[in-house]
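K.L.:
Just dropping this structure here.
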Amino acid sequence: MGDRSPAFYWLAAFFGAFVLFLYGPMIVIFILSFQGPTGGLTFPLNGLSVHWFERLWRGGGIVDISGAFQRSLELGAVVMILTVLLSLSAGLAFRKRFAGSNLLFFVAVASLIVPSIVTSLGIALEFRLLDDFLKNHGPSWLTGDLKTTMGTFTSGLGAHLTWTLPFGLLVMFAIFNRFDSRYEEAARDQGATSWQTLRYVILPIILPSVIGVGLFGFTLSWDEIARSSQAMGEHNTLPMELQALTTTVTTPEIYALGTATTGVSFAVIALSILSIAMVRARQARHGSDAGEA
Amino acid sequence: MSSKSAIGGTGVPGWIQAMPFGLVFLFFFIIPLILVVIVSFWDYNDYEMLPSFTTRSYTENFEGCLAQLPDLCTVLKTYVSTAKFCFIVWATTLIIGFTVAYFLAFHVRTTTMQMVLFLLCTIPFWTSNVIRMISWIPLLGRNGLVNLALTRANLVDKPVEWLLYSPFSVGLAFTHLFTFFMVVPIFNSMMRIDRRLVEAAYDSGASGWQTLWNLIVPLSKPGIVIGSIFVVTIVMGDFITFDVMGGEQIASAGKVVETRLNALQFPPAAANAVILLAVTLLIIVGLNRIVDVRKEL
């Protein structure tokens, strides 16, 4: 193909500009979140400080940020676990033929494409009608002090799962497409039951990718906002609070919140990469007798 | 041989393994969508929805639309404006996304470097969209860096106002947020193109542009269509980007639904959601005509 063509340098410059376009604005707000106490939303920097992070931590001025922070973390953790378990199980199911598999795949992809506000509205309607039904027909021990069945871990959890599970399933497809099924044939030939094959052969091999699915599930939930908008009940998640703050807060505190939120995302990524590396190292050490684990 | 099942995990039947996954979609996707359609035909008053059949929510939406023609009524104007945003964002993300994917797939030589550069593009995707939106404020605001540079260079007398909270900033934010969704599927399609075809084209005397236009673009079509579906449906249903970047001044199809919901008018919100869904599906069916997406996954 010869040496680099002129086209390469144009394209490389274009790519560089694209990366700058992606990162530039974010780097700017990370810098501005360390604005001095008298600084504003734009440059110049009036000194460097962690003043706005302190304010954020104390909860001064901004309503219920720590509550929202905690709720989003808890919800993200539950979504992560369920996304891994349900996608793994469904991924295994799709390797066999089963009635309705085409329909299920279609529904999962449709869930990504239907506008989030429509799904969110539907879930809100469902729980409202359920509330009405329970209040009118439910047993009194249940309806005595029932306000609403909507909440972070009922309607909210469901809304997030309709967003994370399709991605989880698609990743599972990718994992099993590359999976060498001779490993499980070998295990079966040596008399392993199907449960043993799953536990001692398949799972250890695909574990790094499964951690990846969990990471994906957590971050998708942690940043989700459109589907949450109508389905969370009375308590907002962190991104929803952040969106509300964009119209009311005029101090760098909002940048500090942005930096802190991004910090959590990156910490989770780092943690996942670390555990994937550890699993890989372990696989390398036990390479010849992986089934012993 | 204790198990006679073909490949695939435990001896449990597939439909049982898929059941929990399916139930989530039944309760949080299918039933909610059905309810949206049903409730869109319900009546309502100031306090509650009334379960009796009426097409009021639809007719009120389009009230006076026929009489006003050829002038557009509010709801049609909103849809035309949203469609315009869809088209502009689609065009910019496609051009940028295709160029980036083309560079990565055909001009970066080692696989390691490809992966490193690809990951570099994905990292911002792990940050909240709202944060990526507000990160434009220090750049585009009245006292932002862009205006500072323009006034210092004496290109303008007073700060430019249309940079932020304007159709421009909405389009810019969409491009910033969602070009990634174009890069991934197009890159994926390009990586599947047999390199020998490119060499054959080169050997037969095709110029770089001819190879690009007659070989690479057609073979990247599946990726282009998948990316287009993602971008178009996101912009069609969006209400957050329009809100945050448009300074609450720009109407959109998704925002109509949200506004009705904030007023607790569920049947009209549902009717608008059904219209939005129908328009979105029409666009997808149109794009699907170009290529059978399922074959390409």
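The values are calculated or read from the model by the stated rules, or taken from the named source; none is laboratory data. The model shown is predicted, which means the values in this text are computed figures rather than measured ones. Note that we place each Cβ from the backbone using ideal geometry, even for glycine, and neighbour counts take in every protein chain shown.
K.L.:
Of all helices (runs of 4 or more DSSP H) completely enclosed by the range B:1-103, which ones contain at least 1 residues that are in contact (Cβ under 8 Å) with a residue 60 or more places away in the chain and either under 30 Å from residue A:197 (Cβ atoms) or away from chain A (no Cβ under 11 Å) (or both)?
P.N.:
It comes to B:56-61, B:74-102.
K.L.:
Still on this structure: What are the residues in the range A:36-57 that are surrounded by 19 or more Cβ atoms within 10 Å (Cβ to Cβ) and within 10 Å of chain B (Cβ to nearest Cβ), if any?
P.N.:
A:41, A:42
K.L.:
Among (1) more than 9 Å from chain B (Cβ to nearest Cβ); (2) closer than 30 Å to residue A:116 by Cβ; (3) modelled with pLDDT of 90 or more, which single condition is residue A:169 missing?
P.N.:
All conditions are met except number (1).
K.L.:
Also, I was wondering about something else. Out of the range A:195-240, which residues are charged (D, E, K, R) and within 10 Å of chain B (Cβ to nearest Cβ)?
P.N.:
A:199, A:223, A:224, A:227
K.L.:
Please specify each residue of the range A:103-145 satisfying the condition of being at pLDDT 90 or above, over 17 Å from residue A:224 (Cα atoms) and among the hydrophobic types (A, V, I, L, M, F, W, C).
P.N.:
Within the range A:103-145, A:103, A:104, A:105, A:106, A:107, A:108, A:109, A:110, A:125, A:127, A:129, A:130 meet the criteria.
K.L.:
Select from the range B:195-219 the residues that are under 25 Å from residue B:232 (Cβ atoms) and surrounded by 19 or more Cβ atoms within 10 Å (Cβ to Cβ) and list them in ascending order.
P.N.:
B:216
K.L.:
Could you tell me which residue of the range B:9-34 is modelled with the highest pLDDT, considering only residues that are more than 19 Å from residue A:160 (Cα to Cα) and surrounded by 15 or more Cβ atoms within 10 Å (Cβ to Cβ)?
P.N.:
Checked the range B:9-34; the qualifying residue modelled with the highest pLDDT is B:17.
K.L.:
Within the range B:121-194, considering only helices (runs of 4 or more DSSP H) that don't extend past its boundaries, which have at least 2 residues that are surrounded by fewer than 18 Cβ atoms within 10 Å (Cβ to Cβ) and under 20 Å from the mean Cα position of the chain (by Cα)?
P.N.:
In the range B:121-194, the matching helices (runs of 4 or more DSSP H) lie at B:167-191.
K.L.:
OK, next. Residue under question is residue A:263, and the condition is that it be more than 30 Å from residue A:128 (Cβ to Cβ) and either part of a helix (DSSP H, G or I) or at pLDDT 85 or above (or both); does it hold?
P.N.:
Answer is yes for this residue.
K.L.:
May I pose another question? Is it true that residue A:104 is assigned to a helix (DSSP H, G or I), more than 9 Å from chain B (Cβ to nearest Cβ) and either without any contact (Cβ under 8 Å) to a residue 24 or more places away in the chain or not aliphatic (A, V, I, L, M) (or both)?
P.N.:
no
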